[in-house]
Structure formats: structure tokens, C-alpha cells
Amino acid sequence: MQEEVTQKTIALSMKTGKLTAQALQAALKKYLQHRAKEPKLHHGKQSLKRLKAHGAALTNIEVTEANIGAFKPCAKKYGVDFTLRKDKTTQPPHYIVIFKAKDTDNLEQAFREFTAKTLSKEQRPSIRKVLTAAKQKAAQQPKRAKEKKAKGELER
């Protein structure tokens, strides 16, 4: 993959009587103008139309997780191009994640991280429950009497 990115070549053909620097410069400018007109490929979450524009084969998986929005940061971290579709015919609704077939390994890794995060969140006690337990524990402890010292200071 790295070799593809670092070693790109351009085949440029033109008819000229004498190849000068100006002729080469004009040809390269025309090439760059033509390349700028091509649509930019988007990455991350996108519409199905944009995903199809990449020209790669698409694959999908079905997810029953209701909190699919938390999946987006994991997918972004691993550079997965995907789109989400909600299947409303089932109860509870299922989500279909459509992605490029070449991103399969990255998507699997992103899903592993996503499921690990959701499991750890479910196992963690909620903050409100912890606070109410702490309040009840504090209420059960005997209160200390405050005594005044001769100099006006409080002692516990």
C-alpha cells in the first residue's frame, strides 16, 4: 500500500516540433487543471451514492446495536469509508453498515474496539447510583459535635 502512494507516475503525450520548457509547462498545467475537475473522494461516514463513486466493491453487515452513533469515532480512527442504513421493518430496528470490501480488516478492528467500549460502559456503574449510595452512607454515619474553643476556633 505504501509503495502505491509514494511511487506514482504520469504518462503524458503531446505532439510538438521541439520540446521546450514552456511547452512542457503548458502541458503540465493542462493536466493539473483536468485533474482538479475530477470529484474528490470522501472518507469516513458518507452517503451511499458517494460510497459507490469510489468504484470499489461494497459489502455490508447487519448490526443490532441501538447506540450505533458511538461507532463513528472508531471507524474514523481506522479510516473506514462506510454508510449506515436503518432497517425499520424489524423490531427493534437493525442497522446495516455498508462499506468497501477492501476495508474489511479495518472494519473488523473498528468493531472489536466498538464492542469493547460498549461492554465496558455497560459494566461500569452509573454515576447517579454511586452518588446516591454515597449520600446514604454519609447519612448513616453519626454526626460529630462541634466544640468551641476559648479563642473562638472550632474543633471537631
Under the Karplus relation with 6.51, -1.76 and 1.60 and θ = phi - 60°, whole-Hz ³J(HN,Hα) for the stretch 53-60, x at Gly and Pro, equal 5, 5, x, 8, 5, 9, 9, 9
Relative contact order [Cα under 8 Å, 6+ residues apart], the chain, whole percent: 17
Note, the stretch 16-25: 3J(HN,Hα) by Karplus (6.51, -1.76, 1.60, θ = phi - 60°), whole Hz, Gly/Pro = x, goes 8, x, 9, 7, 10, 5, 5, 5, 5, 5
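I need the calculated FRET efficiency for the pair Leu12 and His43, taking r as the beta carbon distance and R₀ as 22 Å, to the nearest 0.05. Walk me through the numbers on the way to the answer.
On the way: r = 28 Å, r/R0 = 1.29.
For Leu12 and His43, the calculated efficiency is 0.20.
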Summing -39500 (n - 2.57) over every DSSP H run of at least 4 residues in the chain and dividing by its residue count gives a helix-only mean residue ellipticity at 222 nm, to the nearest 500 deg cm²/dmol, of -13500 deg cm²/dmol
Mind giving me the nanometre distance, one decimal, between the label points for Arg85 and Ala36, set 7 Å out from Cα along Cα→Cβ? 3.8
For each of Thr83, Thr118, Thr132, count neighbouring Cβ atoms within 10 Å of the residue's Cβ, then give the residues from fewest to most. Thr132, Thr118, Thr83
What translational diffusion coefficient, in µm²/s and rounded to a whole number, does the Stokes-Einstein relation yield for the stretch 1-150 at 20 °C and a viscosity of 1.002 mPa s, taking the hydrodynamic radius as the Kirkwood radius over Cα pairs? 100
With the Cα gyration tensor of the stretch 70-130 giving a ≥ b ≥ c as the square roots of its eigenvalues, does the rule (a/c under 1.5 for rounded; else a/b larger than b/c for prolate; else oblate) give rounded, prolate or oblate? oblate
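Computed from the coordinates by the stated procedures, all read-outs in this text should not be read as laboratory data. Because the structure is predicted, anything quoted here is derived from the model rather than measured. Counting neighbours? That spans all protein chains shown, and the Cβs are built from the backbone with ideal geometry, glycine included.
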